[in-house]
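Remarks on the structure that follows.
Taken together, the values in this text are just the output of simple stated rules run on the coordinates, not laboratory data. These numbers come from a predicted model, not from an experiment. For neighbour counting, all protein chains shown are included, and Cβ atoms are generated from backbone atoms with ideal geometry for every residue, glycine included.
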Amino acid sequence: MDFANPTWLEYYVGTTLFQCVRYVILCGGFYYLFWVVLREWTIRRRVHPDDHARADLIREAKDSFWFFIWTSIPITLTLAPEFRVHSRLYLDVRAYPLYWLPISFLLLVFGQDAYFYWVHRILHTKWLFKHVHGVHHKSLNPNPLTAFAMHPVEGLFLMGFIFGFVWCVPTNLYVFSLFQVVSMALNINGHFGAEFQPESWKRVPVIKHLNRATHHTNHHRFFTVNYGLYFTLWDRWMKTFRENAGK
Ligand SMILES: [Zn+2]
Ligand SMILES: [Zn+2]
């Protein structure tokens with residue numbers, strides 16, 4: 001196998017394995033560290049009053065692996081070397097003005113945040129909720145293992161903006177990779193199930209608008225509040241924001 005130029009099939013298998021291993025290490029690792037090893041510390045900060053049911057944790061892991069098997073297909077069709085050449089992804093940071101690097105990063109973050117809010121609202125319509133988004137909402141008490149427990153079709157919806165972006169807008173591969181890391185970190189943070197951010201952070205610019213574990217846990221508990229992904233901006237603008245919906 002040529003690691004620098006894998007075939008699309010090798011890329012698909014590698015991507016699926018990578019997603020599964022990353023899930024076990026990051027989502028499984030965070031769950032084990034905070035909800036098992038540091039349980040007392042975490043429980044003092046948990047949002048939902050109940051413990052996680054073992055059956056829910058197993059279901060979430062199964063749904064996540066199934067999600068990775070399916071979503072590796074669009075990832076391969078976009079990022080495998082033989083397909084990537086048709087996208088606007090580029091490697092040389094000087095191919096465009098340097099200021100384009102932070103601008104494209106911000107466009108990805110805020111564009112995906114807006115896209116997710118509205119797609120999420122659509123996913124809550126009756127038919128799509130019953131057949132697609134309900135898989136994610138089986139988890140009333142989210143935890144790091146919930147972060148990717150979704151119907152594969154929801155994965156296609158969510159990736160739509162990102163892949164549309166790299167097909168249409170020049171995007172440096174390092175910027176794209178950084179965006180993926182930040183996106184993953186904020187996804188796990190939202191599903192953490194416990195609030196580790198101190199109250200004082202609510203006054204820090206930018207951070208005060210982040211979608212915290214409290215907000216997303218309350219989305220899983222009460223369904224019709226806090227649809228946002230990275231920030232609470234769209235929820236505040238559309239009057240769907242609740243700071244502490246359960247209290
Ligand atoms: Zn969720
Ligand atoms: Zn939802």
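Residues considered: 119, 93, 37. Of these, the only one that is farther than 30 Å from residue 2 by Cα and in contact (Cβ under 8 Å) with a residue 12 or more places away in the chain is 119. Just one residue in the set 130, 208, 138 is surrounded by fewer than 17 Cβ atoms within 10 Å (Cβ to Cβ), within 12 Å of ligand 1 (Cβ to nearest atom) and more than 13 Å from the chain's Cα centre (by Cα); that residue is 138. Among the residues of segment 91-113, is there at least one that is within 16 Å of ligand 1 (Cβ to nearest atom) and not hydroxyl-bearing (Ser, Thr, Tyr)? Yes, there is a match, as at least one residue in segment 91-113 is within 16 Å of ligand 1 (Cβ to nearest atom) and not hydroxyl-bearing (Ser, Thr, Tyr). In segment 216-230, the residues that are hydroxyl-bearing (Ser, Thr, Tyr) form Cβ pairs under 7 Å with partners that are within 10 Å of ligand 2 (Cβ to nearest atom), at six or more places apart or across chains, as follows: 227/120; 227/121; 227/219.
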